[in-house]
Amino acid sequence: MTTLATSPRPEITPHCESIQQKVTQMIDDLIASLPDSTVLTSEERRGIIARYSSVLEGNFIYWMTATLLAVHSEEARPILLDNLFEEVRDAHPAMLRNFAIAAHAFPTDTDALAVSDELTRMRRFMGKLSPVQSLAAMAFFEGYIQKFMPYLAELAASRGSSEMEYTDVHGVCDIAHTDGLFRALSIEMENSPLEADKDPFEGVAILHHLMQRIVFYQEASPRA
Ligand SMILES: [Fe+2]
């Protein structure tokens, strides 16, 4: 993997480690809560892929860029740039679009609107450009995506797709990215600590809700 990071890898501080543990637990709990894909209808499987694609295709690079704009520490920037470099060079949004189309799950207006409120909340949050909160949210995002990939691939396969480049790539590269984001978080927490009255998990909670909405949204998904 090409890397732009040149700084030595700092240790993760104990404070950051406690955030990492909580974020990891939230990810694992969310993964454990996913409905058994074999009992979902074909339309329910389509809906999850479509809402995921609707959120991720146009926003992952946006939110990673917002996080890059937010960070103050020079040492944290190469970690985010490395991530963005790979996203753009390998055209990850195109991979995701191909994945959704091959699974006959390209998002409709209904799919996009089903996650619209949560998406807007996340965009507003990122607009605050809060470095520690944004880095924690993106670490949650990367970690969740990586663990969600086998499930997403399963949904697509059950819809007759064999186009798995997106899920194959993200099941592997996001492990390193997640680790890198926690290192960036640790650096930022040392150099630009969050104000005492602010919640480091604010963005994590908004994103967690958005990820739940992707999976569990029902009202606009009539059973096939
Ligand atoms: Fe990606």
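The values are calculated or read from the model by the stated rules, or taken from the named source; none is laboratory data. It should be emphasised that the depicted structure is a prediction, and the values quoted were computed from it without experimental measurement. Methodologically, a virtual Cβ is constructed for each residue, glycine included, from the backbone with ideal geometry; neighbour enumeration extends over all protein chains shown.
Taking only pairs six or more apart or across chains, which ones have beta-carbon atoms under 8 Å, a first residue in the range 85-99 that is assigned to a helix (DSSP H, G or I), and a second residue that is acidic (Asp, Glu) and near the ligand (Cβ under 9 Å from one of its atoms)? From the range 85-99, the pairs are 92/86; 93/87.
Matching residues to (1) over 28 Å from residue 176 (Cα atoms); (2) within 16 Å of the ligand (Cβ to nearest atom):
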residue	(1), (2)
61	no, yes
65	no, yes
72	no, no
75	no, no
85	no, yes
104	yes, no
109	yes, no
114	yes, no
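Checking each residue in the range 172-186 for being crowded, with 16+ Cβ neighbours inside 10 Å and within 16 Å of the ligand (Cβ to nearest atom) picks out 173, 174, 176, 177, 178, 179, 180, 181.
Examine the range 106-126 for a residue that is acidic (Asp, Glu), under 22 Å from residue 71 (Cβ atoms), in a helix (DSSP H, G or I) and within 17 Å of the chain's Cα centre (by Cα), and state whether such a residue exists.
Here is the first cut: in the range 106-126, the ones acidic (Asp, Glu) are 109, 111, 117-118.
From the residues that got through so far, the ones that are under 22 Å from residue 71 (Cβ atoms) too are none.
Within the range 106-126, not a single residue is acidic (Asp, Glu), under 22 Å from residue 71 (Cβ atoms), in a helix (DSSP H, G or I) and within 17 Å of the chain's Cα centre (by Cα).
Restricting attention to the range 68-98, the residues being within 25 Å of residue 130 (Cβ to Cβ), among the polar types (S, T, N, Q) and over 13 Å from the mean Cα position of the chain (by Cα) number 1. Taken as a whole, the range 140-150 holds at least one residue that is in contact with an Asp or Glu (Cβ under 8 Å, 6 or more places away or on another chain), within 30 Å of residue 190 (Cβ to Cβ) and among the aliphatic types (A, V, I, L, M).
So that you can scan it fast, the table gives a plain yes or no per residue for (1) within 12 Å of the ligand (Cβ to nearest atom); (2) farther than 27 Å from residue 101 by Cα; (3) in a helix (DSSP H, G or I); (4) of a type in the set (S, T, N, Q):
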| site | (1), (2), (3), (4) |
| --- | --- |
| 133 | no, yes, yes, yes |
| 139 | no, yes, yes, no |
| 143 | no, no, yes, no |
| 156 | no, no, yes, no |
| 170 | yes, no, yes, no |
| 188 | no, yes, yes, no |
| 195 | no, yes, no, no |
| 198 | no, yes, no, no |
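Take the conditions (1) over 13 Å from residue 181 (Cβ atoms); (2) outside any helix (DSSP H, G or I); residue 12 misses just one of them, which is (1). Every listed requirement among (1) surrounded by fewer than 16 Cβ atoms within 10 Å (Cβ to Cβ); (2) part of a helix (DSSP H, G or I); (3) charged (D, E, K, R) is met by residue 51 save one, (1). Only residues that are acidic (Asp, Glu) and within 12 Å of the ligand (Cβ to nearest atom) were counted across the range 158-168, and they come to 2.
Please indicate, with yes or no, whether at least one residue in the range 150-161 is of a type in the set (Lys, Arg) and at pLDDT 95 or above. Yes - at least one qualifying residue is present in the range 150-161. Applying the condition of being crowded, with 16+ Cβ neighbours inside 10 Å and β-branched (Val, Ile, Thr) to the range 68-109 and asking which residue is modelled with the lowest pLDDT yields 79. When the range 28-51 is filtered for residues that are of a type in the set (A, V, I, L, M, F, W, C) and out of contact with any Phe, Trp or Tyr (no Cβ under 6 Å at 6 or more places or on another chain), the ones remaining, listed by number, are 30, 31, 32, 39, 40, 48, 49, 50.
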